[in-house]
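Okay, structure first, notes after.
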Amino acid sequence: MQVELVRLDDAFHFEAKGMSGVPVHIDAAENIGGHNAGARPMELLLMGLGGCTAIDVLLIMKKQRQIVEDLKISISGEREKIEGTEMTPFRKINIHFKFKGNLSEDKAQKAIVMSMEKYCSATAQFSSTAVITHSFEIEV
């Protein structure tokens, strides 16, 4: 896998493209000279985690013959400063799935666990440095 970032201004605004060719804008906060023209890099990490597990969960639930009318995912991440550096990696992450549809709670739970423990590469990327928890609700 390879991605490319191209600087778009004289500050921190970049356009990133991966193998899909779809552009993603990245920028820094205004208080350090950014223009708020894109997502922050750490936001993108959580977005990638959410996208990875969302795809897994939807595929698994489809195989379980569950019809998901809608899915929203909220991810919260707690960061902790590494002593002697300015680095603040995620140490705790919670992924909350909000399903809509006439769904089995057991099957939703199973799909989430399978994604977290077997399929989601983004979860594997974070699992050695952060505690990842999940929760879910089903709206009929």
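Observations, loosely collected:
- Checking every residue in the range 117-137 against the condition of being part of a helix (DSSP H, G or I), on the phi < 0 side of the Ramachandran plot and in contact with a strand residue (DSSP E or B) (Cβ under 7 Å, 6 or more places away or on another chain) gives at least one match.
- Matching entry among 97, 12 (being aromatic (Phe, Trp, Tyr) and over 18 Å from residue 122 (Cα atoms)): 12
- Of all residues in the range 13-25, those that are among the aromatic types (Phe, Trp, Tyr) have Cβ atoms under 9 Å from Cβ atoms of residues that are not in a loop (DSSP other than H, G, I, E, B), 6 or more apart or on another chain, in 14/5; 14/6; 14/7; 14/24; 14/25; 14/26.
- Here residue 93 clears all of (1) among the β-branched types (Val, Ile, Thr); (2) assigned to a strand (DSSP E or B); (3) surrounded by fewer than 12 Cβ atoms within 10 Å (Cβ to Cβ) except the condition numbered (3).
- For the range 70-90, filtering for residues that are under 16 Å from residue 50 (Cα atoms), out of contact with any helix residue (DSSP H, G or I) (no Cβ under 6 Å at 6 or more places or on another chain) and of a type outside the set (Asp, Glu) leaves 5.
- Answer residue from the range 45-69, given it is aliphatic (A, V, I, L, M) and under 12 Å from the mean Cα position of the chain (by Cα) and is surrounded by the fewest Cβ atoms within 10 Å (Cβ to Cβ) among those: 55
- Residue pairs meeting the criteria (Cβ under 6 Å; at least 6 apart or on separate chains; first surrounded by 14 or more Cβ atoms within 10 Å (Cβ to Cβ), in the range 124-140; second of a type in the set (Lys, Arg)): 130/91
- Only one of 78, 86 that is under 19 Å from residue 42 (Cα atoms), at pLDDT 95 or above, assigned to a loop (DSSP other than H, G, I, E, B) and not polar (S, T, N, Q): 86
- For the range 78-112, the tally of residues that are within 21 Å of residue 58 (Cα to Cα) and in contact with a strand residue (DSSP E or B) (Cβ under 8 Å, 6 or more places away or on another chain) stands at 14.
- Single condition residue 31 does not satisfy, out of (1) at pLDDT 95 or above; (2) polar (S, T, N, Q); (3) not assigned by TED's automatic domain parsing to the domain that holds residue 5: (3)
The values are calculated or read from the model by the stated rules, or taken from the named source; none is laboratory data. These numbers were taken from a predicted model, which means no experiment stands behind them. Note that we place each Cβ from the backbone using ideal geometry, even for glycine, and neighbour counts take in every protein chain shown.
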